[in-house]
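Worksheet: the structure to be examined is printed underneath.
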Amino acid sequence: MSKQTYLKPTINKVEFAMASKYGSPLKTQKIRSEIDGVKVSDLVEQYGSPLFVFSQTKIEELYHNLYNAFSSRYPDVQFGWSYKTNYLNEICKVFHNLGSIAEVVSEFEYQKARALGIEGKDIIFNGPYKPYKDLKIAVQEGAKIHVDNLFELNDLEKIADELGTKIKVAIRVNMDTGIYPQWSRFGFNFENEEAYEAVKRMYDGGKLELNGIHSHIGTFMLDANAYKMATIKIMQLKERVENDFGSIIDYIDLGGGFASKSHLKGVYQSPDVTIPTADDYAEAITNAIYEMNKSDKLPKLYLETGRALIDEAGYLLTSVHGYKRFPDGKKGYILNAGVNLLYTSTWYNFNIELDKRYDGENEPSMLNGPLCMNIDIIEENIMLPALDRGTILTLSPVGAYNYTQAMQFIRYRPAAVLIDKEGKSRVIKEIDDLDTVNYKEV
Ligand SMILES: *Cc1c(COP(=O)(O)O)cnc(C)c1O
């Protein structure tokens, strides 16, 4: 008879609050040993840990699913990749190769798109802060300028004078779509007539012409109906402006904000139940256009979807470095990735998967990051078996916003790799080093 391996006995405090009508926390281990056929242990061995991993196969699946939902219902639809959601060059290139133009919200992002070979006419320039010099370059290069505020309108008139031409611009509009808090910080308000008045100002000035109307009603929108409301209001403004000023509005742009399959904190149901499908969003928007359209030509429809096209294609591999026992008996693991790399951990509970099955009882555990900061918590309460140093945990979905908001704070920002459709991985961002971090310091 072979000797059984010794397992340390444990006493677990019963946490009544955890077992609610929604069930108790997961008792079974969630395992992920590979991503698109590539072993996570090989990825860590080859590229180090922590490591962001992106799946090109998943990006393309998400893109085609959403694009088909719209293009099967509407004849003229164009996606613009939201750079701020993830502007790693190779990720942007995947989207551009799929047919997306670029959507940027700063001069930095504008320059990034230009450096990737995107022409001005294929860049949508959004955002509340467009420095004059950069705004002028974007105008000269034929970018789609979405006016945010009245000073910017003045700037554009001045640029029109300097260039001696009329400029075609679009306007950003915010509105009540039944979702609260309402995003009223960006663009001109619909209900209080500021949007209409701004357009009137443009035509009174005689230097600007309106050719598009844009709104981006929020992010992680769980109600497709909000997009129906937004579309109706945009189409109303379009008709009014066309009638009053004789202009032709070529396009409408419904922005982004479609939810990804992230698990919002405090929401108990699975994202599969709570999150509208691509068809739900597409149906809401395209039906409203057909219903409202009075002109003989349908407007071109732009979408600036970010998170719904990348979130589930991104993983963060992180490794166990240390552990301790907290005064309340809970086990605390120290991982090499924390809130420095997971800005969105404030709002979402990630899927946390182990590289393999571990023996032993699950115990209530907390996952902490590597920062010397009390707030560096990735997961407060998770049932985990005893983990060894070097255990790889895969966190997902983390493709949206986490890389672009990753901080060089206390530790270097890690490398990122892309797994292509043949299952080959390659580095798309090297780990920072002292030179990149100190670059340009005196
Ligand atoms: C951030 C942003 C987007 C993308 O939003 P998601 O929620 O990632 O889809 C689109 N348009 C504008 C103007 C934005 O600011």
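Here residue 202 does not fit the description of being more than 30 Å from residue 137 (Cβ to Cβ) and of a type in the set (A, V, I, L, M).
Can you spot a residue in segment 176-187 that is touching a strand residue (DSSP E or B) at 6+ places or on another chain (Cβ under 6 Å), within 13 Å of the ligand (Cβ to nearest atom) and at positive phi? Yes: segment 176-187 contains one or more residues that are touching a strand residue (DSSP E or B) at 6+ places or on another chain (Cβ under 6 Å), within 13 Å of the ligand (Cβ to nearest atom) and at positive phi. Scanning segment 242-271 for residues being more than 19 Å from residue 305 (Cβ to Cβ) and assigned to a helix (DSSP H, G or I) gives a total of 4. In segment 45-59, the residues that are of a type in the set (Ser, Thr, Tyr) reach residues that are part of a strand (DSSP E or B) with C-beta atoms within less than 6 angstrom, at least six apart or across chains, in these pairs: 47/415; 47/417; 49/317; 49/319; 55/419. Among residues of segment 270-304 being modelled with pLDDT under 95 and of a type in the set (Ser, Thr, Tyr), the one that is farthest from residue 224 (Cα to Cα) is 295. Tell me which residues, restricted to segment 275-297, are of a type outside the set (A, V, I, L, M) and within 16 Å of the ligand (Cβ to nearest atom). Of everything in segment 275-297, those that are of a type outside the set (A, V, I, L, M) and within 16 Å of the ligand (Cβ to nearest atom) turn out to be 276, 277, 280, 281. Every condition in (1) at pLDDT below 95; (2) out of contact with any Leu (no Cβ under 9 Å at 6 or more places or on another chain) holds for residue 348 except the one numbered (2).
Selection of segment 167-191 for residues being in contact with a helix residue (DSSP H, G or I) (Cβ under 7 Å, 6 or more places away or on another chain) and hydrophobic (A, V, I, L, M, F, W, C) yields 167, 169, 171, 173, 175, 179, 188, 190. Of the residues in segment 376-395, not one is within 17 Å of residue 315 (Cα to Cα) and in contact with a His (Cβ under 9 Å, 6 or more places away or on another chain). Within segment 144-154, not a single residue is within 21 Å of the chain's Cα centre (by Cα) and more than 16 Å from the ligand (Cβ to nearest atom).
Hey, among 362, 374, which residue is farther than 19 Å from residue 336 by Cα, among the polar types (S, T, N, Q) and not assigned by TED's automatic domain parsing to the domain that holds residue 220? Show your work before the answer.
Working: 374 fails: farther than 19 Å from residue 336 by Cα.
When all the criteria are applied, what remains is 362.
Figure legend. Inter-residue proximity from segment 122-137: first residues hydroxyl-bearing (Ser, Thr, Tyr), second residues assigned to a loop (DSSP other than H, G, I, E, B), beta-carbon distance below 9 Å, spacing 6+ or different chains. Indicated pairs: 129/105; 129/106; 129/148. For segment 379-392, a residue qualifies if it is among the aliphatic types (A, V, I, L, M) and closer than 21 Å to residue 271 by Cα, and the qualifying residues are 382, 383. For segment 276-299, the condition holds for at least one residue, the condition being that it is free of Cβ contacts under 8 Å to residues at least 60 places away in the same chain, buried (at least 18 other Cβ atoms within 10 Å of the Cβ) and not assigned by TED's automatic domain parsing to the domain that holds residue 366.
A quick yes/no check of all residues on (1) without any contact (Cβ under 8 Å) to a residue 60 or more places away in the chain; (2) surrounded by fewer than 22 Cβ atoms within 10 Å (Cβ to Cβ); (3) within 16 Å of the ligand (Cβ to nearest atom); (4) of a type in the set (D, E, K, R):
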| site | (1), (2), (3), (4) |
| --- | --- |
| 344 | no, yes, yes, no |
| 347 | no, yes, yes, no |
| 352 | no, yes, no, no |
| 358 | no, yes, no, no |
| 394 | no, no, no, no |
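Out of curiosity, is residue 350 of a type in the set (A, V, I, L, M, F, W, C), more than 17 Å from the chain's Cα centre (by Cα) and within 28 Å of residue 83 (Cβ to Cβ)?
Values: of a type in the set (A, V, I, L, M, F, W, C): yes; more than 17 Å from the chain's Cα centre (by Cα): no; within 28 Å of residue 83 (Cβ to Cβ): yes.
In short, no.
If you check 103, 107, 141, which single one turns out to be in contact (Cβ under 8 Å) with a residue 24 or more places away in the chain, within 13 Å of the ligand (Cβ to nearest atom) and either on the phi > 0 side of the Ramachandran plot or not assigned by TED's automatic domain parsing to the domain that holds residue 418 (or both)?
Values: 107 fails: within 13 Å of the ligand (Cβ to nearest atom); 141 fails: within 13 Å of the ligand (Cβ to nearest atom).
Within the list 103, 107, 141, the selection yields 103.
In segment 351-376, how many are modelled with pLDDT of 95 or more and among the hydrophobic types (A, V, I, L, M, F, W, C)? Qualifying residue count, segment 351-376: 5.
Across segment 59-86, what is the total count of residues that are within 26 Å of residue 393 (Cβ to Cβ) and within 16 Å of the ligand (Cβ to nearest atom)?
Qualifying residue count for the region: 4.
Hey, among the residues in segment 298-342 that are outside any strand (DSSP E or B) and among the basic types (Lys, Arg), which one's farthest from the ligand (Cβ to nearest atom)? Among those residues, the one meeting the criterion is 330.
The values are calculated or read from the model by the stated rules, or taken from the named source; none is laboratory data. The structure displayed is predicted, hence computed values, not measured ones. Cβ sites come from the backbone with ideal geometry, for glycine too, and all protein chains shown count toward neighbours.
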